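Trainee: Have a look at the structure that comes next, please.
The values are calculated or read from the model by the stated rules, or taken from the named source; none is laboratory data. Computed from a predicted structure; not experimentally measured. Ideal geometry is used to build each Cβ from the backbone, glycine not excepted, and the neighbour counts take in all protein chains shown.
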Amino acid sequence: MMSPPANIRRIGVLTGGGDCPGLNAVLRAVVKTAILQHGIEVAGIEDGFQGLIDDRVRPLTTRDVSGILVRGGTVLGSNNRCNPRRYHVGDDHEGNPVYRDVTDRCVEVARRHRLDAIIVIGGDGTMAAASSLVEKGLNIVGVPKTIDNDIVGTEISFGFLTAVNTATEALDKLHSTADSHHRVMVCELMGRNAGWITLTAGIASGSDVILLPEIPFEMESVAEFIDARMTKGPGFAIVAVAEGARMRGGEQVVARTVHNSPDPIRLGGIGQRVADGIAKLCRVETRTTVLGHIQRGGTPIPADRILATHFGYHAIQTLMLGGRNRMVVRQNNIFGDVDLLHAAGKQRLVPEDHPLISAGRAIGISFGDGVPHSHYPTAQPAVVV
């Protein structure tokens, strides 16, 4: 057992934001590495930052995290509506939300429990919320978590690959029903403003049209492509559309607004609009599937369990090496860390020249942006050298 630095004797850990496959794998790695390798005590903070506000902090032992590797969700619970700097305390007499800065309360609870550092597992919103604790002197080490894969500073976040696997399986299943009934099947996928899930699952499933937030689409271009498939091709089509996708010159489709949330906009509904547009312009039977929170659930696939274990281990190692207010990342398949505030409140989007987009265009996938493509190219004669 290695001795911890003199200033690190007891740490806290919390899971913030939306739930995500692999959270328990990170918790397991954090707790076991801290206790078994460094003799550090670990306290679990329940339901994200809400646990600091309400003083719901409990000891975590290696026994508490035994057997949780394969479980989805988080044994500590999570919360995606709690920002200590802007905490919803109720509504005024006109029904408007009232907010209060409760950062000092969080710091007081952390110090009461003698927490020398806190491992914060979450996405860009969670990292932004943690910045108020950093400003008050707490040492925060972040672990990037999101199925959206949109955290700045890391090439991948755990949970993403499981979500892609779930989305791919759903798109695969839509193929058979689309083929049998000669229909167009539109599947709306998660991702907020980033198209990573839709792009990756769309390519993996052989989707015919992939619509991303980063590439505004034209309904006429989508309809032209679909019409060619229905009349000259196999007679069915699969459309993968990201919830944040929008028509050129238009706005994202908002399902609802949650006023007491740090991230109040809830996207949703673009899938049905795309389906309606295809049905109208192509006069073909079209159906919509919204995969929704199924993408967040279930047991993490092996790749996410391994990635989450790496992140949990490196979070503790970062502390042991004297790191303060860092976020562990993976870049070029190498684990390291960056300034925590580097990721706070930012989003990593799909670049329009991403290799997967280029590959998709090359094999005849439409991204709905009017870029010329060949539906069924004729074979070219071989060149003999």
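Trainee: Could you identify the single residue in I35, I40 that is surrounded by fewer than 20 Cβ atoms within 10 Å (Cβ to Cβ) and either in contact (Cβ under 8 Å) with a residue 40 or more places away in the chain or in contact with a Leu (Cβ under 9 Å, 6 or more places away or on another chain) (or both)?
Mentor: Working: I40 fails: surrounded by fewer than 20 Cβ atoms within 10 Å (Cβ to Cβ).
Being surrounded by fewer than 20 Cβ atoms within 10 Å (Cβ to Cβ) and either in contact (Cβ under 8 Å) with a residue 40 or more places away in the chain or in contact with a Leu (Cβ under 9 Å, 6 or more places away or on another chain) (or both) holds for just one of I35, I40, which is I35.
Trainee: For R63, are the conditions met, namely being closer than 17 Å to I121 by Cβ, in the same structural domain as G323 (by TED's automatic domain parsing) and without any contact (Cβ under 8 Å) to a residue 24 or more places away in the chain? Reasoning before the result, please.
Mentor: Details: closer than 17 Å to I121 by Cβ: no; in the same structural domain as G323 (by TED's automatic domain parsing): yes; without any contact (Cβ under 8 Å) to a residue 24 or more places away in the chain: yes.
No; evaluated as a whole, the condition is false for this residue.
Trainee: Can you tell me which of V134, V152 is among the hydrophobic types (A, V, I, L, M, F, W, C), touching a Lys or Arg at 6+ places or on another chain (Cβ under 9 Å), assigned to a helix (DSSP H, G or I) and surrounded by fewer than 24 Cβ atoms within 10 Å (Cβ to Cβ)?
Mentor: Values: V152 fails: assigned to a helix (DSSP H, G or I).
Answer to the check: V134.
Trainee: Against the definition (in contact with a strand residue (DSSP E or B) (Cβ under 6 Å, 6 or more places away or on another chain), surrounded by 24 or more Cβ atoms within 10 Å (Cβ to Cβ) and aliphatic (A, V, I, L, M)), how does V98 come out, yes or no?
Mentor: It is false that V98 is in contact with a strand residue (DSSP E or B) (Cβ under 6 Å, 6 or more places away or on another chain), surrounded by 24 or more Cβ atoms within 10 Å (Cβ to Cβ) and aliphatic (A, V, I, L, M).
Trainee: Report whether or not D339 is in the same structural domain as T62 (by TED's automatic domain parsing) and surrounded by 20 or more Cβ atoms within 10 Å (Cβ to Cβ).
Mentor: Details: in the same structural domain as T62 (by TED's automatic domain parsing): yes; surrounded by 20 or more Cβ atoms within 10 Å (Cβ to Cβ): no.
Considered against the rule, which asks whether it is in the same structural domain as T62 (by TED's automatic domain parsing) and surrounded by 20 or more Cβ atoms within 10 Å (Cβ to Cβ), D339 comes out as no.
Trainee: Given (1) among the polar types (S, T, N, Q); (2) surrounded by 20 or more Cβ atoms within 10 Å (Cβ to Cβ); (3) under 21 Å from V107 (Cβ atoms), where does T74 come up short, assuming only one miss?
Mentor: Among (1) among the polar types (S, T, N, Q); (2) surrounded by 20 or more Cβ atoms within 10 Å (Cβ to Cβ); (3) under 21 Å from V107 (Cβ atoms), the lone unmet condition for T74 is (3).
Trainee: Checking the conditions here, which among V120, V98 is part of a strand (DSSP E or B), closer than 24 Å to N24 by Cβ and either in contact (Cβ under 8 Å) with a residue 40 or more places away in the chain or hydrophobic (A, V, I, L, M, F, W, C) (or both)? Write out each step before concluding.
Mentor: Details: V98 fails: closer than 24 Å to N24 by Cβ.
Going through V120, V98 in turn, just one is part of a strand (DSSP E or B), closer than 24 Å to N24 by Cβ and either in contact (Cβ under 8 Å) with a residue 40 or more places away in the chain or hydrophobic (A, V, I, L, M, F, W, C) (or both): V120.
Trainee: Evaluate the following for T61: is it polar (S, T, N, Q) and at pLDDT below 95?
Mentor: Details: polar (S, T, N, Q): yes; at pLDDT below 95: no.
In short, no.
Trainee: Need pairs with beta-carbon distance below 7 Å; first residue more than 16 Å from Q317 (Cβ to Cβ) and in contact (Cβ under 8 Å) with a residue 60 or more places away in the chain and within segment 328-357, second part of a helix (DSSP H, G or I) and aromatic (F, W, Y); sequence gap 6+ or separate chains.
Mentor: Close Cβ pairs satisfying both conditions: V350/W196.
Trainee: Counting only residues that are within 19 Å of the chain's Cα centre (by Cα) and in contact (Cβ under 8 Å) with a residue 12 or more places away in the chain, give me the helices (runs of 4 or more DSSP H) lying completely in segment 160-269 with at least 3 of them.
Mentor: On the way: elements: 160-181, 196-205, 219-232.
So the answer is 160-181, 196-205.
Trainee: From the set of residues in segment 237-255 that are closer than 10 Å to G269 by Cα and not small (G, A, S), which is surrounded by the most Cβ atoms within 10 Å (Cβ to Cβ)?
Mentor: E243
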